[in-house]
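Here the structure comes first, spelled out in structure tokens, and everything after it is commentary.
The values are calculated or read from the model by the stated rules, or taken from the named source; none is laboratory data. The structure presented is a predicted model; accordingly, all values stated were derived computationally and were not measured. Counting neighbours? That spans all protein chains shown, and the Cβs are built from the backbone with ideal geometry, glycine included.
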Amino acid sequence: MNGLTRGLLSTGLLLGAILLVLASGGAAAGDIPRLAAVGGGAVALRALLLVPGVGRAFGVFALPVDLGASLTLVLFALTLTGGVTSELYPLLLLEVVLGRLADGPPAGRFLTVAATAGAAALAVPAVVGSVSLPIGPLLRVAWPLAVLLVLEAGGLLLVASPAVESRDSTAARTGNGAVTPQAPSARDGRQDLLHDLKSPLSVVRVYADLIAEGARRGEPPRPEHLTNIGNEIGLMEALVGVIRPAPAAPAAPPSRPRPRTDLLKLLDSLAESYRTAHGENLLIEYVSDEEGIVVAADPVAIQRALRNVLDNAVKYTPAGGQVRIRASVAAQHAFVVIGDTGIGMTREEQKRAFDYAYRGEAARASGAEGRGLGLALVRELLEEQGGKISLLSEPGRGLEVTIMLPLHRPEAA
Amino acid sequence: MTDASIFIVDDDPSLIEAVAAVLSEEGYRVAGASDSRAGLLAVLADPPDLLVLDVNMPGLNGWEICDIVRRQTTTQDVPVLFLTGRGEVRDQITALQVGGTDHLRKPFRVEELRRKVRALTSGRRHKESR
Amino acid sequence: MKPRGHRPLRLVPPAPPEGVAGVERLRLERLATDVVTGLPLQPDPGVGFERVAGMGIVYLQLGRFAGVESLYGWELYDRVLSLTASSLREDLESSGLKEQHRSLSFNGCDGFCLLFDLSSRPVERQSALLEPEARRIRQGVLRRLRQAFGRIAVDLMNVYAGVASVADDPRVRPSRNLARGILEAVRAAEAHQSDARKGRVEALKKVLSGRGLRVVWQPIYALADRSVLGYEALIRGAAGSELEMPDALFTVAREGDMLLELENLCLETIFSSLPRAVRSSVLFVNASARLLTHPVFLDERNLAEMKRAHASIVVEVSEKEIVWNYPAFREVLERLRAAGFRFAIDDTGSGYSGLETILQLRPEFMKIATSIVRNLHQDAIKREVLASLLSLGRQIGATLVAEGIEGEGELRSLAELGIPYGQGFLLGKPAARISAAP
């Protein structure tokens, strides 16, 4: 269920609640404008949250049903029947804010329910006195609570989706709607691993044989063969869970005290090379406000990391799309943001993007080949250099990768 | 026979490059695809003198590609060399049943690769020399 | 000097959406057509809906009652099917109903469906037209199969034909009407098959009660010097009868639940007629797992009697049988070895299970399946398989015997690979009387 559907559903529930009040004859003519204002305000709030920037600011990508707010508004409508109790307003605001937290850890959602229950407790006396229903006094008290529970239960079902559950992958199975890639069992993992090792092993064997043959002819090993072997070994190490894949840099001089890379120049040449390869299908843009950015990082590692990210961007963006590279400086760090207009990632995929050998549904479905190791390696490469990486995505709208690297400081180490 | 054209389909681009590194040294013209579907279409459009197929690939696997290739009159005689990850007798039989010509178990030695490619490209050129 | 070039690798980009669609079409075509016969896998009447009524169906069923494919291998069955398909195509060209013929299809395993548009003929006449056509087609197929394969496989491949007409019933959907008609034809063919089967079971009963079996001996030679290692005892029924070949005998026995009786009679026949040449070399006898695990067979006196009749007996059991009956087998093996019998795995390499389990039995002999030996001089993959079997044999101390050697090329390849022993038509045909050296 996507954000739009959920928003509509929540609005529908709200309007239903208002109708309920009207039907029970609880609202007087003068209250209708107030009810309309409340209803309109709730709809406006939901619409606002659907606007990408705002939703992102609140950390919401898949909008859950805003049950909390719906419920309190039901209560609000009910209390109208007994006169407005202004004490409820702050609670309402608190409720809406906490409803946003429904996205996060379960604690937030408990708060939502607690606030709602509190509001209900306050509303009950007001309701009891004014609504005349052909039911006994006990039921008169229980009725609003029952409405609450029914709506909350319905909401919990709708709200329990992968985007809402926490990082627990087993919890993701309770999903309703979104397809959750299952965490592979340990045994499958081992079989896959053994199978996945065969290819890099074959590559290493080929280059090792070529080097041996060359040696018999008295030739030195070719650098590109060694580089390729290094890359494949790094891949195999990553597959078996070794933490530090070695950067393949056979010609790099040993132990330089302070590595430095001209980042803009590097990005320039990368952009040029990707333009040459993919310029026909994709618009590759490179912008920066800076004149020069030098980072304290190993150029080979950075290049490998950037290439990985760019390869992904190119791979998962269909023809006609864009890849934007943007470099800037802030707080003693350089920032490289690589954005694309490709298939993007769902929240679940983003959470697992840095796991080894994980590829999301859309990536697999897109048919592009890949081992799914890219981002895991990239993160390690960057962290080794003192950098960081983070993702932002709207499924179907694109992915933005932000890489942060420490600036090179001219004073000696 | 050198100057023969070889097409490799394998979902690992590094392996394609590695095999190409060996075979182009021998003088073969090598082309490849890591997308199995694109590889099949390329082979059908322009039949090579030898087709090297990985078996396990997402989308369309090596067995299916060989089966389809054997059904088209333009490619039914192209020799097919399978790169298999497992060495069970069953796989060897499946290779026969889909019309494969030979197979190489991964990881293989380059000398074995050269030997098999030489054997499979000797004698018959698939296309007339221009 | 080796040419040292380095041409750049040309990499084909991923398939565009039209490419993907093109591949999906090829996959669907693959599903729609059988590669061995070249025939569509679905009957296609090619007429408007209203003319389904009056469609005549001839259904030809290959009687796989002995499981030809698992006995002889998929390659032989491929040839049987493609020969049947081309026979049908040829016969249709010269058929009196050629103008009415609409579709020839294959059901994917053992049946061929022919559709004829007989709607212009009156209903009563339709079956009168179809029956003789079915007979003619059936005879044509039988004749060609016999020509190509001799009697061996064909006795297993008895062909049955059934006919049906699609009734004119406007209440029924035409596609289902046609499908139902086809099913009717299939049932008619199956009915013929079942009648034939009953007849065969009766015939077997007569053979058993009259002890009508005989033995022929096929020599096994050392490939290096053509010295004789021993003889395999092969059972035959009455010459020229349907129940002449062991596969036919055993299949009918299975159908009539007379397997043990048959095997007992086989052993009796073998041991009561051992020629001198056989007595002075090794005797290879086929036995099923069922027989070997039967208490009557394993009875010590029985085993001792067999040993008295012949000093050096090798019991051959098919690889598939061992796989299915492994635990029972293991136990039995000790008893047999204690009694002085040796043991051979027959048809090795034709099963699809890993060989490791079987090799734990450490057979003294491994007989390589005919399907692997066939044309192996032209087939690199088969040679690989054989090489690995050879090395396996060395590891466990088993002697390899190649079965079904029919050509010089095969013989040469086997000798080159180092296979020590072989048997087959090329080296020596099974015969009742044993001649001198080949």
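Those helices (runs of 4 or more DSSP H) of the range C:1-95 in which 2 or more residues are within 30 Å of C:A148 (Cα to Cα) and at pLDDT 85 or above occupy C:17-32, C:74-93. Contact map, the range B:2-13: residues that are away from chain A (no Cβ under 11 Å) and touching a residue at least 12 places away in the same chain (Cβ under 8 Å) paired with residues that are surrounded by fewer than 23 Cβ atoms within 10 Å (Cβ to Cβ) and of a type in the set (D, E), Cβ distance under 8 Å, separation 6+ or inter-chain. Pairs shown: B:T2/B:E26; B:A4/B:D49; B:S5/B:D49; B:I6/B:D49. In the range C:205-212, the count of residues that are in contact with a Cys (Cβ under 9 Å, 6 or more places away or on another chain), touching a residue at least 12 places away in the same chain (Cβ under 8 Å) and crowded, with 16+ Cβ neighbours inside 10 Å is zero.
Filtering the range C:11-26 to residues that are more than 7 Å from every other protein chain (Cβ to nearest Cβ) and either under 30 Å from C:T84 (Cβ atoms) or among the acidic types (D, E) (or both) leaves C:E18, C:E24, C:R25. Criterion first (among the β-branched types (V, I, T) and either crowded, with 21+ Cβ neighbours inside 10 Å or over 22 Å from C:R30 (Cα atoms) (or both)) does B:T94 satisfy it? Taking the combined requirement at face value, the residue does not satisfy it. In the range C:304-329, the qualifying residues are those that are surrounded by 16 or more Cβ atoms within 10 Å (Cβ to Cβ) and at pLDDT below 85, and the one that is farthest from C:L265 (Cα to Cα) is C:V323. Determine whether A:A334 is part of a loop (DSSP other than H, G, I, E, B) and either touching a Pro at 6+ places or on another chain (Cβ under 7 Å) or closer than 16 Å to A:K388 by Cα (or both). Against the criterion (part of a loop (DSSP other than H, G, I, E, B) and either touching a Pro at 6+ places or on another chain (Cβ under 7 Å) or closer than 16 Å to A:K388 by Cα (or both)), A:A334 does not qualify.
Scanning the range C:337-350 for residues that are crowded, with 19+ Cβ neighbours inside 10 Å and more than 13 Å from C:K367 (Cα to Cα) turns up just one, C:F341.
Out of the helices (runs of 4 or more DSSP H) lying entirely within the range B:18-130, which hold 3 or more residues that are more than 12 Å from the chain's Cα centre (by Cα), within 13 Å of chain C (Cβ to nearest Cβ) and polar (S, T, N, Q)? Correct list: B:89-97. Annotation: C:D257 fulfils all but one of (1) in contact with a strand residue (DSSP E or B) (Cβ under 8 Å, 6 or more places away or on another chain); (2) at positive phi; the unmet one is (1). When the range A:201-215 is filtered for residues that are within 17 Å of B:L104 (Cα to Cα) and at the interface with chain B (Cβ under 7 Å from one of its Cβ atoms), the ones remaining, listed by number, are A:L201, A:S202, A:V203, A:R205, A:V206, A:Y207, A:D209.
When the residues of the range C:242-281 are filtered to those that are of a type in the set (G, A, S) and not in a helix (DSSP H, G or I), the one that is farthest from C:I220 (Cα to Cα) is C:G256. Residues in the range C:412-424 that are surrounded by fewer than 21 Cβ atoms within 10 Å (Cβ to Cβ) and not small (G, A, S): C:R412, C:E416, C:L417, C:P420.
A quick yes/no check of all residues on (1) out of contact with any Cys (no Cβ under 8 Å at 6 or more places or on another chain); (2) surrounded by fewer than 17 Cβ atoms within 10 Å (Cβ to Cβ); (3) closer than 15 Å to C:R51 by Cα:
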| residue | (1), (2), (3) |
| --- | --- |
| C:L76 | yes, no, no |
| C:R79 | yes, yes, no |
| C:L97 | yes, no, no |
| C:S105 | no, no, no |
| C:P132 | yes, yes, no |
| C:I137 | yes, no, no |
| C:V172 | yes, yes, yes |
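Just so you know, in the range C:215-233 the residues that are touching a helix residue (DSSP H, G or I) at 6+ places or on another chain (Cβ under 7 Å) and in a strand (DSSP E or B) include one that is surrounded by the fewest Cβ atoms within 10 Å (Cβ to Cβ), and it is C:V215.
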